[in-house]
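See structure below.
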Amino acid sequence: MTPIISVEELAAALAGPNPPVLLDVRWKLGGPPGVVAYRAGHLPGAVFVDLDRDLAGPPGPGGRHPLPAPEAFQAAMRRCGVRDQADVVVYDEADSTAAARAWWLLRYFGHERVRVLDGGYRAWVAAGQPVETHEPQPAPGDFTARPGHLPVLDADDVPDFTRDGVLLDARAAERYRGEVEPVDPVAGHIPGAVSAPTLENVRPDGRFRDPAELRARFAALGVTPDTPVGAYCGSGVTAAHEVLALRLAGYEAALYPGSWSHWITDPNRPVAKGEK
């Protein structure tokens, strides 16, 4: 199953006998809360998922958005009506940077039938598809969280990984270089990481670039079929989007869930600034 779905494919699936569960994952760093946009209009039948509450554990030593505990994630997904054997489609406003976090977590915890709406809510509306403001109350799901279905990195893995593979930094280039840091208390990047802003994986309308374009982009960054590849960002959210883009290009990538916000919790870990 391809990890993304078009507006046309989703509209057809929703009209079919076994429509997918829809999860609205609109979220923006610093707000406003995504539920505001959800209540103003969402795809028919979609249930709102709060990224900070449902797709992350409490912030702390593990980073700003550490992985949720399996039982907490399972409860959140069951509350949204997610079932083990039913398709799930996740979406955000347009560029999939938040929706990819839900996609990655569901895949990591063992759900095999989850896709991201390419272009998100904006593409759905632009295509003239219906929206609603009614907030559904889905029947409880039966999803069982079984962690470990996608590869992850931790801080101890990083030094060897940057030597033997390619570690992509999904943040904006100026954050990678350490010129600005709007969120975390330390600026810079993990030594040996390669700057790869994840928003360059999508077109201006938020849809993903074609697989051939993505393969060419990642090849220019040093990614090859024989090279281990991983991704990190500020707190493990947009890095999931990089992992999704890599999947579309044909690569299996590991995610560093704690990312930069976890790396800098230990003052003994090195920090680099500049272009490399």
- prompt: Within the stretch 140-150, can one find any residue that is farther than 17 Å from Ala56 by Cα, at pLDDT 95 or above, among the acidic types (Asp, Glu) and in contact with a strand residue (DSSP E or B) (Cβ under 8 Å, 6 or more places away or on another chain)?
  reply: no
task: Please state which one of Arg107, Arg113, Arg122 is more than 23 Å from Val229 (Cα to Cα), buried (at least 16 other Cβ atoms within 10 Å of the Cβ) and in contact with a strand residue (DSSP E or B) (Cβ under 7 Å, 6 or more places away or on another chain).
output: Arg113
- prompt: Gly206 versus (1) on the phi > 0 side of the Ramachandran plot; (2) in the same structural domain as Trp27 (by TED's automatic domain parsing); (3) in contact with a Lys or Arg (Cβ under 7 Å, 6 or more places away or on another chain): which is the lone unmet condition?
  reply: (2)
- request: Go through the stretch 62-93 and give me each residue that's of a type in the set (Asp, Glu), surrounded by fewer than 20 Cβ atoms within 10 Å (Cβ to Cβ) and closer than 14 Å to Leu51 by Cα.
  value: none
- prompt: Do we find a residue being crowded, with 16+ Cβ neighbours inside 10 Å and at positive phi anywhere in the stretch 173-191?
  reply: yes
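So for the stretch 242-253 (the condition being assigned to a strand (DSSP E or B) and not assigned by TED's automatic domain parsing to the domain that holds Ala100), does at least one residue qualify?
Within the stretch 242-253, the first condition is being assigned to a strand (DSSP E or B), and the residues that meet it are none.
The answer is no, given that none of the residues of the stretch 242-253 is assigned to a strand (DSSP E or B) and not assigned by TED's automatic domain parsing to the domain that holds Ala100.
Being assigned to a strand (DSSP E or B) and under 18 Å from Pro44 (Cβ atoms), is that true of even one residue in the stretch 175-190? Quick ask: steps written out before the conclusion?
Initial filter on the stretch 175-190 (assigned to a strand (DSSP E or B)): 189.
Restricting the remaining residues to those that are under 18 Å from Pro44 (Cβ atoms) gives none.
No, the conditions are met nowhere in the stretch 175-190.
Mind listing whichever residues of the stretch 78-127 are of a type in the set (Ser, Thr, Tyr) and either in a helix (DSSP H, G or I) or not assigned by TED's automatic domain parsing to the domain that holds Val25 (or both)? Give the steps one after another, and end with the answer.
Keep residues of the stretch 78-127 that are of a type in the set (Ser, Thr, Tyr), which gives 91, 96-97, 108, 121.
Once the filter is applied, which keeps residues that are of a type in the set (Ser, Thr, Tyr) and either in a helix (DSSP H, G or I) or not assigned by TED's automatic domain parsing to the domain that holds Val25 (or both), the stretch 78-127 yields Tyr108, Tyr121.
So, in the stretch 1-21, how many residues would count as being out of contact with any Cys (no Cβ under 9 Å at 6 or more places or on another chain), touching a residue at least 24 places away in the same chain (Cβ under 8 Å) and surrounded by 14 or more Cβ atoms within 10 Å (Cβ to Cβ)?
The initial filter retains those residues of the stretch 1-21 that are out of contact with any Cys (no Cβ under 9 Å at 6 or more places or on another chain), namely 1-20.
Within this subset, residues satisfying the condition of being touching a residue at least 24 places away in the same chain (Cβ under 8 Å) are 1-8, 10-11, 13-14, 18-20.
Remaining after also requiring surrounded by 14 or more Cβ atoms within 10 Å (Cβ to Cβ): 3-7, 10-11, 13-14, 19-20.
Of the residues in that region, 11 qualify.
The values are calculated or read from the model by the stated rules, or taken from the named source; none is laboratory data. Everything numeric in this text was worked out from a predicted model, so none of it was measured. All Cβ positions, glycine included, derive from the backbone under ideal geometry; neighbour counts span all protein chains shown.
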